[in-house]
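Working notes, beginning with the structure itself.
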Amino acid sequence: MLEEKNDNLQEADGKSGIEINDSTANDAIETSGPETLVDNSVSETEILPDNTDNTHQEALDVITSSNAAESEDETLKERHDIPMQDYNTFSLDALVDELKKLVNTDKVMSVKDHIEEIKKAFLLQYHHLLEEKKEEFLASNPDPSEEFEYHLPLKLKFDEYYNIFRDKRNAHFKHLQTNLKTNLETRLAIVEELKELINPQENIKDTLKHFNELRERWKNAGAIPKDKYNHVWNNYHFHVENFYDYLHLDREARDLDFKHNLELKQKIIARVEELVNDTDVNKAFRELQDLHRIWKEEIGPVSKEHRDAIWNQFSELTKKIHDKREVLFENQRANEQQNLEIKKEIISKIAVLGTEKVNSHSQWLIQIQKVEDLRNEFFAAGKVPSEVNEETWAAFKTAVRNFNAFKNSFYKDIKKDQNDNLNKKLALVTKAKELQESTDFQATTPIMKQIQEEWKQIGHVPKKYSDKIWKEFKDACNHYFDKLKEHKSEENSEEVAAFDNKKAYLEILRAFQLTGDHKTDLDGIKAHIETWKGFGKVPFSRRHIEGKFNKILDALFEKLSLSKKESEMMRFANRIDSLSDSNDTRKLDNEKIFIMRKIEEVQNEIFQLENNIQFFTNTKNAKKENSIVTEVRKNIAIHKESLDVWKDKLKQLRNLGQE
């Protein structure tokens, strides 16, 4: 029969509460038997001493619970050698690297808690990233028929390593459960054999030998399920103590054993006294666990006179270390509370950014970077109290989701503008392709330059079309201007030849002599002008030769005694022909504007002079002022002659535009 016992270490020292004198031992054995003796030990009031301090029980329970778990699986002890880091501060890449390192550890259960923390941290960030990508997808793809898909290669690596850990863990559990069941049966069998040792018919020496064999078998029996740990250990110690207390043992040998056990427990107490002052509280607590295990599992009972005192001393020191550990936990909880305040502030900042209206893509990029920085701060802020962890995470997700919705509403609005811009640019692409093969360079070049300017003025288009249409437009423009460049190269050779011809012809023109016959000389000059024009355009950098030609003409016109108007018009005709040949429409337009302004100025001047004459002719002394009037009339005549010349020039320019 296996009795239910209270889970406390007091029982490991064998405080049974049953005191039977040696003289009555045989009678008790004869009348009751082993089962009855065991049943008499069950009373809780008998097991617990009167002076037990219930305030110590929490500390003892923590130790007992930890030791029970580690006794079931000894690999759990090694988890303390691997520091538990704040994995929430790790990036996704760093989490996968850490998982890979831990998975390669042989003791799978020593890293179980670490890997589960890594899993929570990874999935937290991964799901957040997934939500962001989905929102971006929905913002840029309003078509409900398209399904959202997003693949993160890093997630595949994480799943691969985690599956390796899971397989190792399952194999470990399967092997462990088999061993635990076998070991439990072995230990229960040893307890049953201990009951049978209380037999007065056997030789004491044989009984002692059997007892020692059982103790050795017990030490080597292996781990058992943690839920059976205290139950089995307490019953084992109960029957060991019965063996000491109820059999007529060699008192000297028993006392030596008690003394030896007392010395071992006193050494443990001395070590615990040192641990009380250790600054590394977690390390001290882990060693305290080991000392409790040794106290309970490896050291036998002490004499009754010392049992209560030494146990109370040990439990008092245990409570001190437990209290220091609780203070440490309180500090950690305070840090978690501080982290909570930091995260609340971060969430508040993100919420504010989710209401700040900005009106340009560049400004939104700044806002997005701010949220990304706050997001990183949130993950780096550390743990918060477990009871508000889900609530905090939900608030964070809501704030980020609201920001993204606000951002997406802006981009939905500009998406329409971008589609309009796309249509405009597609029209320019079509136009550029239509003109790219044109050989009418004089008419096409201004148009091509104009559509390039229009392209620059049009705003952004959807990103997925941007590169494609820009390449089409650029290729069409480059094709045309490459042809234009090739054409100009051909023209340049002709212009150089024209310069050489004109340079040689200047010498012929300088040698030209007037005959004295006005008509003959005028026809000769006109012939030279036509010959000069027939040579064609010269390179822009050598157009100074036209100035030399005009100087020679001016000298000939002066000798020819032409009227001022006729001379002026011939010079003007030659100049306009030069501008026309150069295909410089801008200069021709500027010349037209200049002449129109001159006409307006001369007309205003004539109007002013005529008003002055009217003033003088209306005065009483008009006869005395005839000389002034005469001068004004001369000026009016000169201005009218000049006006006729400017009007003829304008007419000639306009006729040129109609040709």
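The values are calculated or read from the model by the stated rules, or taken from the named source; none is laboratory data. Fair warning: this is a prediction, and the values are worked out from it, not measured in the lab. Glycine also receives a Cβ, built like all others from the backbone with ideal geometry; neighbour counts cover every protein chain displayed. Areas reflect the complete protein model, heavy atoms only, side chains present, ligands, DNA and RNA absent. Shrake-Rupley method; radii C 1.70, N 1.55, O 1.52, S 1.80 Å.
Give the residue, chosen from Leu188, Leu180, Leu176, Leu208, that is without any contact (Cβ under 8 Å) to a residue 60 or more places away in the chain and either assigned to a helix (DSSP H, G or I) or surrounded by 17 or more Cβ atoms within 10 Å (Cβ to Cβ) (or both).
Working: Leu188 fails: without any contact (Cβ under 8 Å) to a residue 60 or more places away in the chain; Leu180 fails: without any contact (Cβ under 8 Å) to a residue 60 or more places away in the chain; Leu176 fails: without any contact (Cβ under 8 Å) to a residue 60 or more places away in the chain.
Checking each option against the conditions leaves just Leu208.
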Test result for Lys265, in a helix (DSSP H, G or I) and open to solvent by 50 Å² or more (accessible area, probe 1.4 Å): no
If you take the residues in segment 226-265 that are within 20 Å of Ile294 (Cβ to Cβ) and among the acidic types (Asp, Glu), which one is modelled with the highest pLDDT? Glu263
For Asn389, only one of the following conditions fails: (1) at pLDDT below 85; (2) farther than 30 Å from Gln85 by Cα. What is its number? (2)
Being out of contact with any Cys (no Cβ under 7 Å at 6 or more places or on another chain), open to solvent by 20 Å² or more (accessible area, probe 1.4 Å) and modelled with pLDDT of 85 or more: is that true of Glu287 here? no
Using beta carbons and a limit of 7 Å, which pairs, at least six apart or on different chains, have the first residue in segment 212-225 and of a type in the set (Lys, Arg) and the second one open to solvent by less than 90 Å² (accessible area, probe 1.4 Å)? Arg217/Ile190
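Might you check whether a residue that is in a helix (DSSP H, G or I), of a type in the set (Val, Ile, Thr) and within 18 Å of the chain's Cα centre (by Cα) occurs anywhere in segment 372-390?
No: zero hits.
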Name the residues in segment 442-480 that are under 39 Å from the mean Cα position of the chain (by Cα) and among the polar types (S, T, N, Q), would you? Gln452, Gln457, Ser466
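Against the condition in contact (Cβ under 8 Å) with a residue 40 or more places away in the chain, assigned to a helix (DSSP H, G or I) and either open to solvent by 60 Å² or more (accessible area, probe 1.4 Å) or touching a Phe, Trp or Tyr at 6+ places or on another chain (Cβ under 7 Å) (or both), how does Lys343 come out, does it pass? Can you show your working first?
Details: in contact (Cβ under 8 Å) with a residue 40 or more places away in the chain: yes; assigned to a helix (DSSP H, G or I): yes; either open to solvent by 60 Å² or more (accessible area, probe 1.4 Å) or touching a Phe, Trp or Tyr at 6+ places or on another chain (Cβ under 7 Å) (or both): yes.
Judged against the criteria, Lys343 is a match.
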Does any residue of segment 231-251 turn out to be in a helix (DSSP H, G or I) and free of Cβ contacts under 8 Å to residues at least 12 places away in the same chain? yes
All conditions in (1) surrounded by 15 or more Cβ atoms within 10 Å (Cβ to Cβ); (2) over 30 Å from Met570 (Cα atoms); (3) among the aromatic types (Phe, Trp, Tyr) are true of Phe535 except (2)
Pairs under 7 Å by beta carbon, first residue in a loop (DSSP other than H, G, I, E, B) in segment 445-469, partner open to solvent by 90 Å² or more (accessible area, probe 1.4 Å) and among the charged types (D, E, K, R), six or more apart or different chains? Ile458/Lys424
Scan segment 591-608 and report the pairs whose first residue is farther than 13 Å from Lys640 by Cα and whose second residue is of a type in the set (D, E, K, R) and open to solvent by 60 Å² or more (accessible area, probe 1.4 Å), with Cβ atoms within less than 9 Å and a gap of 6+ or a chain change. Glu591/Arg575; Lys592/Arg654; Ile595/Lys647
Please determine, by comparing only the residues of segment 303-333 that are among the aliphatic types (A, V, I, L, M) and more than 19 Å from Asp280 (Cβ to Cβ), which one is least open to solvent (accessible area, probe 1.4 Å). Ile310
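Which residues, taken from segment 585-601, are over 25 Å from Phe441 (Cβ atoms) and either open to solvent by 60 Å² or more (accessible area, probe 1.4 Å) or outside any helix (DSSP H, G or I) (or both)? If you could, list the steps in order and put the result at the bottom.
Step one: list which residues in segment 585-601 are over 25 Å from Phe441 (Cβ atoms), which gives 593-601.
Result: Ile593, Phe594, Met596, Arg597, Glu600, Glu601.
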Restricting to segment 404-419, and then to whatever is surrounded by 12 or more Cβ atoms within 10 Å (Cβ to Cβ) and of a type in the set (D, E, K, R), can you tell me which residue is nearest to Val358 (Cα to Cα)? Lys407
So which pairs qualify, if the first residue must be in segment 384-409 and within 30 Å of Phe329 (Cβ to Cβ), the second must be outside any helix (DSSP H, G or I), the Cβ gap must be under 6 Å, and the two must be at least 6 apart or on different chains? Thr392/Val384
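Look at segment 161-173 and say how many of its residues are among the charged types (D, E, K, R) and without any contact (Cβ under 8 Å) to a residue 24 or more places away in the chain. Steps first, answer last, please.
Restricting attention to segment 161-173, the residues satisfying the condition of being among the charged types (D, E, K, R) are 166-169.
Now narrow it down to the ones that are without any contact (Cβ under 8 Å) to a residue 24 or more places away in the chain: 166-167.
Residues in segment 161-173 being among the charged types (D, E, K, R) and without any contact (Cβ under 8 Å) to a residue 24 or more places away in the chain: 2 in total.
Residue by residue, here is whether (1) in a helix (DSSP H, G or I); (2) modelled with pLDDT of 75 or more holds:
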| position | (1), (2) |
| --- | --- |
| Lys474 | yes, yes |
| His487 | yes, no |
| Ala498 | yes, yes |
| Leu506 | yes, yes |
| Ile529 | yes, yes |
| Val538 | no, yes |
| Leu553 | yes, yes |
| Leu562 | no, no |
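Do you know which of the residues in segment 422-436 that are out of contact with any Ser or Thr (no Cβ under 7 Å at 6 or more places or on another chain) and touching a residue at least 40 places away in the same chain (Cβ under 8 Å) is most open to solvent (accessible area, probe 1.4 Å)?
Start the filter on segment 422-436 by keeping residues that are out of contact with any Ser or Thr (no Cβ under 7 Å at 6 or more places or on another chain), which leaves 422-434, 436.
Next, from what is left, pick out any that are touching a residue at least 40 places away in the same chain (Cβ under 8 Å): 422, 425-426, 428-429, 432-433, 436.
Values: Leu422: 21, Lys425: 25, Leu426: 70, Leu428: 12, Val429: 5, Ala432: 0, Lys433: 94, Gln436: 44 Å².
Of everything passing the filter in segment 422-436, Lys433 is most open to solvent (accessible area, probe 1.4 Å).
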